[in-house]
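Chemist: Could you have a look at this structure, given as structure tokens, before my questions?
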Amino acid sequence: MSLARTIVGELQYEGAATVRMLERVPGEKLAWAPHQKSMTLGRLAWHLAKIPARAVMFMEAKSFDLSNARPDPPPDNVEDIVAEYQRNLEAAKTAIAGMDDEALHQPFRFLKNGEVVRELPMAVFLRNVLMNHSYHHRGQLSVYLRLLDVPLPATYGTSADESL
């Protein structure tokens, strides 16, 4: 199996779990944050929804300048967040499916003010930014939801609230 097919397969599985989590976000609590230094629930969910689109944009550019990291303002409803994530996930899967192993081994560069601060293979970039970054924020989202007493969906087996 090609590396691209492996990545797309994981995105398919993990994406379904992320959709289930995003669908649980209570629309009336989008401005809520667990701490003054934390993102709001809406901003966190929106950030998670935008990760696949940003990864595709960076992948196509083969670099990203960290000095340009600016979050988009979140929408005011959960339906738009879920729909955005689903669109972005499909775009990411399509873009990755079109890559061969050689393309996935090409360098990706993180820049800061135009200077290279880190270079890694595209596949490693996708693993770190598209996948691990998403799982990290999905985990954060699960904590936010638990603090709001929202039943958590099963992800890797059962949760305290439901089974697969």
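The values are calculated or read from the model by the stated rules, or taken from the named source; none is laboratory data. Since the structure is predicted, the reported quantities are computational estimates derived from the model, not experimental observations. Don't worry about glycine lacking a Cβ; one is built from the backbone with ideal geometry, like all the others, and counts go over all protein chains shown.
Chemist: Filter region 58-80 down to residues that are charged (D, E, K, R) and assigned to a helix (DSSP H, G or I) and give me whichever is farthest from Gln106 (Cα to Cα).
Modeler: So, considering only residues that are charged (D, E, K, R) and assigned to a helix (DSSP H, G or I), the one farthest from Gln106 (Cα to Cα) is Glu79.
Chemist: Pull out all pairs, ordered by first then second residue, where Cβ-Cβ is under 7 Å, the residues are six or more apart or on different chains, the first lies in region 104-133 and is touching a residue at least 12 places away in the same chain (Cβ under 8 Å), and the second is surrounded by 13 or more Cβ atoms within 10 Å (Cβ to Cβ) and among the hydroxyl-bearing types (Ser, Thr, Tyr).
Modeler: Close Cβ pairs (under 7 Å, with a partner that is surrounded by 13 or more Cβ atoms within 10 Å (Cβ to Cβ) and among the hydroxyl-bearing types (Ser, Thr, Tyr)) amount to Phe108/Ser63; Arg109/Ser63; Leu111/Ser63.
Chemist: Checking Met99 against (1) part of a loop (DSSP other than H, G, I, E, B); (2) free of Cβ contacts under 8 Å to residues at least 60 places away in the same chain, which single condition isn't satisfied?
Modeler: Single failed check for Met99: (2).
Chemist: From the set of residues in region 42-97 that are basic (Lys, Arg) and loosely packed, with under 15 Cβ neighbours inside 10 Å, which is nearest to the chain's Cα centre (by Cα)?
Modeler: Arg87
Chemist: Which one of Ala55, Ala49, Ala83, Ala91 is touching a residue at least 40 places away in the same chain (Cβ under 8 Å), in a helix (DSSP H, G or I) and hydrophobic (A, V, I, L, M, F, W, C)?
Modeler: Ala55
Chemist: Among the residues in region 24-40, are any farther than 29 Å from Glu119 by Cβ, in a helix (DSSP H, G or I) and in contact with a helix residue (DSSP H, G or I) (Cβ under 8 Å, 6 or more places away or on another chain)?
Modeler: Yes, there is a match, as at least one residue in region 24-40 is farther than 29 Å from Glu119 by Cβ, in a helix (DSSP H, G or I) and in contact with a helix residue (DSSP H, G or I) (Cβ under 8 Å, 6 or more places away or on another chain).
Chemist: Conditions first: (1) surrounded by fewer than 14 Cβ atoms within 10 Å (Cβ to Cβ); (2) in contact with a strand residue (DSSP E or B) (Cβ under 8 Å, 6 or more places away or on another chain). Phe125 passes all but one, so which condition is the exception?
Modeler: It is condition (1) that Phe125 fails.
Chemist: Residues being over 30 Å from Ala61 (Cα atoms) and either out of contact with any helix residue (DSSP H, G or I) (no Cβ under 7 Å at 6 or more places or on another chain) or among the aliphatic types (A, V, I, L, M) (or both): count how many of those fall in region 113-164.
Modeler: 19
Chemist: When you look at Ile81, is it more than 20 Å from Thr155 (Cβ to Cβ) and at pLDDT 95 or above, yes or no?
Modeler: no
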